[in-house]
Amino acid sequence: MSTALAESAAGGLNPLRQTRPRHGEKVIRVILFAAAAVSILTTFGIVISVLIPSLEFFAEIPVTEFLFTTTWTPLFANPQYGVLPLIMGTLVITFIAVLIAIPLGLGSAIYLSEYAKPRARKVLKPTLEVLAGIPTVVFGFFALDFITEFVLKPIFPGIQVFNALSAGIVMGIMIIPTIASLSEDAMAAVPGGLRDGAYALGATKRQTALRVVVPAALSGIVAAFVLGISRAIGETMIVTVAAGLQPNMTLNPLEGMQTMTSYIAAAGAGDVATGSIEYKSIFAVGLLLFVITFFMNMISIRLVRKYRQAYQ
Amino acid sequence: MTATLDIAPDSAPVDLQGKGQPLVDKTFRWILFLCLAVGIIFLAVLLTYVTIKGWPRLTPTLWENMPSLRRPERAGAQSAITGTLWVIGFTALFALPVGFLGAVYMEEYANPASRFTRFVEINIQNLAAVPSIVYGILGLAIFARALALGQTVITAGLTLALLVLPVIIVSTREALRAVPQNIRHGSLALGATLWQTTWRQTMPAAVPGMATGTILALSRAIGEAAPLLLLGAVTFISFNPTGPFSAYTTLPIQIFNWTKESREEFQILASATIVLLLVILLAMNAVAILIRNRTQKRW
């Protein structure tokens, strides 16, 4: 919390410091430090556990073949490991989700931050956040059993039972609260003086919101988008339940497709012999997923720091 | 002129705001409201749909009977309920002490300007956004295989504990930060050591905030399915776990297993189990909100 506390604990030059040595305090400090270090060990553990089997995997399958070929058939007699269909599936579904979540999330955030009266806000915000607390397997069930069946089938009679569209739509709704609440935080951090200035120049509320508040909060809003996209890429249960488990190199959202996450889930849940190349492929895809989301998270963390520095 | 200057932005339409295009402005406001409404309506439809669909199976058989693949009309979710309790029990056992103590270190002991502290902070922020399936890979490689714990309750508990640790640390830190400095200074001035101050003054004052954050973190763990797919929970389990090294299944996994069955009875059963799971989660959230509202202290 404060350097002052830390220093007085360490003794420092404080004339009031204790004379009797307190060994217990030091032991406690070490224990607390160890607890904080668990988070670093976790990251270390994740890196080790995806990296080692991946290296073994890439010893057998060249990295270029993994990254740049378009057939993913680990179960065939002559298995091929080109990850592009899984990336394609991930991108198509994430794109649909983003198309829904960005406008709706940002719109909700502007409404909550600039328009809603405090009393309405007090009810609307927690209600929206309930969405974030619904288990994703429930969303998956809803996508398959309701959205595909009762919403999409009447519109697209040829749609497959497992399809990217229903998974993407539901995933989009799922990340609305993430985008809305982070964007709203960023807009709340915009000093009131900027709004007053805009009003003084004769701007309407809409003009103030769109041309002053949103641009001023832009780095935080972009951070929210990036984190939302990272969420969508890493989401597993919705796609496993609703988008099918067939690798499919297509842009047609009415067909089923497999994503990186649903491959990991399906292969990991099945009976895969430890040490087989198929077993190692789980980790190779996991490594790719971890690297992609890691970079997106870092961008998001950076952007949030930027707006915090600007206004605090 | 002077009269209009002290009007707050919220009441600005009176005089200060430009006339603009009233119709466009009104439409804009409605569009924003609709954006918010979509999410809330979706939530309402989802809750209504699963309740209506699952209603016929929301009977005591749901928690009294064991899962069955042959007789969906009599199958229940008892092993999944007890499995969830076992797994979450171990999650709490591992995650709470480590999370609380780690947060105390970051908030009360660590030097905020040091590079190491900033590194740990960024690391925790990143861990909070790592996909949950990646934690499953960690659990599979380290707990299940390397430490040879197998596909058991304890492996699941440890994995979910790591998954929710960032949430617990962040919320505990916020709770500690809300305790005014005067309390710490007063205690230190009386000669208490830093740990005595933290343990007897700061932490007790932060308990409500810590409890709220903890309940929310555990409710996230209860709903989590993806990492457990890799940790053996999908196997057909029709018995209650007997200990930390027992095989197990949990409610979200049981729901997942039923959604894969094509017969309509299983979809109804899945809906009923979803309602059960959501009731548990809503109850936990309600308790968290209650604690927050009841114990909000004015310093």
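The values are calculated or read from the model by the stated rules, or taken from the named source; none is laboratory data. If you're wondering where the values come from, they're calculated on a predicted model, not measured in any experiment. No Cβ is skipped: glycine too gets one built from the backbone with ideal geometry, and neighbour counts run over all protein chains shown.
For every residue, the table says whether it meets (1) within 9 Å of chain A (Cβ to nearest Cβ); (2) over 30 Å from B:Leu158 (Cα atoms); (3) modelled with pLDDT of 90 or more.
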| residue | (1), (2), (3) |
| --- | --- |
| B:Leu46 | yes, yes, yes |
| B:Tyr49 | yes, yes, yes |
| B:Ile52 | no, yes, yes |
| B:Glu64 | no, no, no |
| B:Arg70 | no, yes, no |
| B:Gly76 | no, no, no |
| B:Thr82 | no, no, yes |
| B:Val87 | no, no, yes |
| B:Leu101 | yes, no, yes |
Query - Total residues in region B:223-240, condition in a helix (DSSP H, G or I) and at the interface with chain A (Cβ under 8 Å from one of its Cβ atoms) - result: 3
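Okay, residues lined up against (1) acidic (Asp, Glu); (2) under 30 Å from B:Ile124 (Cα atoms):
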residue: A:Pro247; (1), (2): no, no
residue: A:Ala266; (1), (2): no, yes
residue: A:Ala273; (1), (2): no, no
residue: A:Glu278; (1), (2): yes, no
residue: A:Leu287; (1), (2): no, yes
residue: A:Ile299; (1), (2): no, yes
Report task. For region A:156-174, name all the residues that are at pLDDT 95 or above and either of a type in the set (Val, Ile, Thr) or in contact with a strand residue (DSSP E or B) (Cβ under 7 Å, 6 or more places away or on another chain) (or both). Result -> A:Ile169, A:Val170, A:Ile173
Report summary line: Of the residues in region B:72-114 that are of a type in the set (Gly, Ala, Ser) and under 16 Å from the mean Cα position of the chain (by Cα), the one that is surrounded by the most Cβ atoms within 10 Å (Cβ to Cβ) is B:Gly99
Query - Which listed residue, of A:Gln246, A:Gln258, is surrounded by fewer than 21 Cβ atoms within 10 Å (Cβ to Cβ), of a type outside the set (A, V, I, L, M) and more than 9 Å from chain B (Cβ to nearest Cβ) - result: A:Gln246
**Report entry** Candidate set from region A:70-116 (those that are without any contact (Cβ under 8 Å) to a residue 24 or more places away in the chain and within 14 Å of chain B (Cβ to nearest Cβ)); member that is surrounded by the fewest Cβ atoms within 10 Å (Cβ to Cβ)
**Finding:** A:Pro103
Requested in this report: Return the residue satisfying two criteria in turn: it lies in region A:19-54 and is in contact (Cβ under 8 Å) with a residue 60 or more places away in the chain and among the small types (Gly, Ala, Ser), and of such residues it is farthest from the other protein chains (Cβ to nearest Cβ).
Outcome: A:Ser54
Report summary line: Selection from region A:55-98 of residues in a loop (DSSP other than H, G, I, E, B), of a type in the set (A, V, I, L, M, F, W, C) and in contact with a helix residue (DSSP H, G or I) (Cβ under 7 Å, 6 or more places away or on another chain) yields A:Val83
